[in-house]
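First up is the structure itself, then whatever we jot down about it.
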Amino acid sequence: QVQLVESGGGLVQAGGSLRVSCADSGRAFSGFTMGWFRQAPGKEREFVAAISWPGGSTVYTDSVKGRFTISRDNAKNTVSLQMNSLQPEDTAVYYCGASTYTSVRTKQTDYAYWGQGTQVTVSS
């Protein structure tokens, strides 16, 4: 069973960096594509980045390309999102998702498991 727990959110000034991580305490990490989505106040949840199993392919939404990097440590059952050059528009709750597809997926409906989310706030 997949049990995802996010960590690492917080408050940062514009231009700063944060790293959010997601751990699968259910130890069912193997074979899953992992993704990060975010939801800003008053907006729908949107795709941010995804990484395939075991990690050969990544995909990013255009607004974070060159600033965010997704990575995974399969031995530790974790996936991380390094966020640099953060801007106020990056403020959102960030959610980790696990998809049974092994190739990268960008649609929420392709993800069967979700964490509870972690807040990222970027001040101007």
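The values are calculated or read from the model by the stated rules, or taken from the named source; none is laboratory data. Fair warning: this is a prediction, and the values are worked out from it, not measured in the lab. Neighbour counts run over all protein chains shown; Cβ positions are idealised from the backbone, glycine included. Just so you know, the surface numbers come from the protein's heavy atoms only, side chains and all, with ligands and any DNA or RNA stripped out. Shrake-Rupley method; radii C 1.70, N 1.55, O 1.52, S 1.80 Å.
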* Residue match in region 17-28 (condition: closer than 16 Å to Val120 by Cβ and aliphatic (A, V, I, L, M)) -> yes
Apart from one, (1) open to solvent by 40 Å² or more (accessible area, probe 1.4 Å); (2) over 19 Å from Gln119 (Cβ atoms); (3) touching a Leu at 6+ places or on another chain (Cβ under 9 Å) all hold for Arg19; the odd one out is (2)
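Per-residue answers, yes or no, for (1) open to solvent by less than 20 Å² (accessible area, probe 1.4 Å); (2) part of a loop (DSSP other than H, G, I, E, B):
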{"position": "Val5", "(1), (2)": "no, no"}
{"position": "Ala23", "(1), (2)": "no, no"}
{"position": "Phe29", "(1), (2)": "yes, yes"}
{"position": "Gly35", "(1), (2)": "yes, no"}
{"position": "Arg38", "(1), (2)": "yes, no"}
{"position": "Glu44", "(1), (2)": "no, yes"}
{"position": "Pro54", "(1), (2)": "no, yes"}
Those residues of region 96-112 which are touching a helix residue (DSSP H, G or I) at 6+ places or on another chain (Cβ under 9 Å) and either part of a strand (DSSP E or B) or among the hydrophobic types (A, V, I, L, M, F, W, C) (or both) amount to Gly97, Ser99
Restricting region 113-124 to residues that are outside any loop (DSSP other than H, G, I, E, B) and among the polar types (S, T, N, Q), the one farthest from Gly10 (Cα to Cα) turns out to be Ser123
Going through region 56-72 in order, the residues found to be of a type outside the set (Lys, Arg) and either within 13 Å of Gly97 (Cα to Cα) or surrounded by 14 or more Cβ atoms within 10 Å (Cβ to Cβ) (or both) are Thr58, Val59, Tyr60, Thr61, Val64, Phe68, Thr69, Ile70, Ser71
Can you confirm whether region 16-26 contains a residue that is among the basic types (Lys, Arg) and modelled with pLDDT of 95 or more? yes
The residue from Ala92, Ala98, Ala112 that alone is surrounded by 14 or more Cβ atoms within 10 Å (Cβ to Cβ), of a type in the set (A, V, I, L, M), touching a strand residue (DSSP E or B) at 6+ places or on another chain (Cβ under 8 Å) and farther than 18 Å from Phe68 by Cβ is Ala98
Within region 57-79, residues in contact with a Ser or Thr (Cβ under 6 Å, 6 or more places away or on another chain) and either assigned to a loop (DSSP other than H, G, I, E, B) or basic (Lys, Arg) (or both) come out as Arg67
- Task: Inspect all residues belonging to region 14-25 and state whether any of them is over 14 Å from the mean Cα position of the chain (by Cα) and not small (Gly, Ala, Ser).
- Result: no
Would you call Gln82 open to solvent by 40 Å² or more (accessible area, probe 1.4 Å), assigned to a strand (DSSP E or B) and either at pLDDT 95 or above or not aromatic (Phe, Trp, Tyr) (or both)?
yes
